[in-house]
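What follows is calculated from the coordinates using simple rules that are stated; it is not laboratory data. These numbers were taken from a predicted model, which means no experiment stands behind them. All Cβ positions, glycine included, derive from the backbone under ideal geometry; neighbour counts span all protein chains shown.
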Amino acid sequence: MSSEIVLPILNNHFTPYIDYSSSNLPSGDTKTSFSFIEYGIKYYFGEKGHGLFASLGQSKLDANFTFKELFFSDNTMSTFGSAKVPLGLNTTNLKLGIKTGDAFFFRFEIGYGIGDIPSELKFNVNTNGINKSFTEERPAIPGLSSGGILLANFGFGFAF
């Protein structure tokens with residue numbers, strides 16, 4: 001869900017916005033749930049709420065990954081079970097984009113989110129009598145570094 005409103009000041013170029021989404025994605029041996037919120041302000045270079053724009057915003061992503069059927073062992077036993085991995089990202093986002101159309105529109109944005117991205121993921125295991133936590137290095141993901149993340153967004157909707 002995304003919402004923005006054109007402010008009737010400074011020639012209708014500024015629009016505060018908010019984007020929110022959440023989902024649960026089961027996929028084989030992995031289950032992912034996340035919620036995302038971003039809010040900020042856009043500046044449209046052209047006409048009221050259309051065309052090329054720049055935006056500045058804050059975002060928060062809360063994700064939980066559950067890996068099933070993993071093998072665990074400690075000094076007393078071995079078992080298959082699941083591990084939960086929480087991940088939270090808070091970034092300041094700088095983006096350029098374009099919004100086309102009138103009542104029905106398309107929007108494309110690209111930019112960079114500046115923030116403290118964790119270099120390790122913490123696994124929490126609680127299964128069949130084994131309770132432990134351990135960390136693993138974050139896998140290499142293109143566009144993701146310890147200082148930020150590349151952003152791209154495509155959307156469409158109705159304006160009124």
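Here are the numbers:
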{"quantity": "Two-site FRET efficiency, Ser3 against Asn124, from Cβ-Cβ distance with R₀ of 35 Å, rounded to 0.05", "calculated": "0.50"}
{"quantity": "Counted charge near Tyr43, where neighbours are those whose Cβ lies closer than 15 Å (Asp, Glu -1; Lys, Arg +1)", "calculated": "+2"}
{"quantity": "Tail weight of P(r) past 27 Å, computed on alpha-carbon pairs of the chain, percent", "calculated": "40"}
{"quantity": "Ile117 long-range amide H proximity, modeled H, under 5 Å", "calculated": "Gly147, Gly148"}
{"quantity": "Additional length obtainable on full extension of the chain from Arg138 to Phe108, 0.36 nm per residue less Cα span", "calculated": "7.9 nm"}
{"quantity": "FRET efficiency, 1/(1 + (r/R0)^6) with R0 35 Å, evaluated for Ala152 and Asn131 via beta carbons", "calculated": "0.30"}
{"quantity": "GNM flexibility winner over the chain from Pro26, Pro142, Pro86 (Cα, springs under 10 Å)", "calculated": "Pro142"}
{"quantity": "Whole-Hz ³J(HN,Hα) from phi, Karplus 6.51 cos²θ - 1.76 cosθ + 1.60, for the range 46-59, glycine and proline x", "calculated": "x, 6, 3, x, 9, x, 6, 9, 10, 9, 10, x, 10, 9"}
{"quantity": "Residue list for the range 143-160, given a label point 7 angstrom along the Cα-to-Cβ vector of Thr92 and an amide N cut-off under 11 Å", "calculated": "none"}
{"quantity": "Vicinal HN-Hα couplings computed from phi for the range 90-102 (Karplus, 6.51 cos²θ - 1.76 cosθ + 1.60; Hz; Gly/Pro x)", "calculated": "10, 9, 9, 10, 10, 9, 10, x, 9, 10, 10, x, 10"}
{"quantity": "Computed Kirkwood radius, in angstrom, where 1/r is averaged over Cα pairs of the range 59-140", "calculated": "16.0"}
{"quantity": "Neighbourhood charge, 14 Å Cβ-Cβ cut-off, centred on Ser2 and excluding it, Lys, Arg +1 and Asp, Glu -1", "calculated": "0"}
{"quantity": "Residue among Ser145, Ser133, Ser27 with the largest mean-square fluctuation in a Gaussian network model of the chain, springs linking Cα atoms under 10 Å", "calculated": "Ser27"}
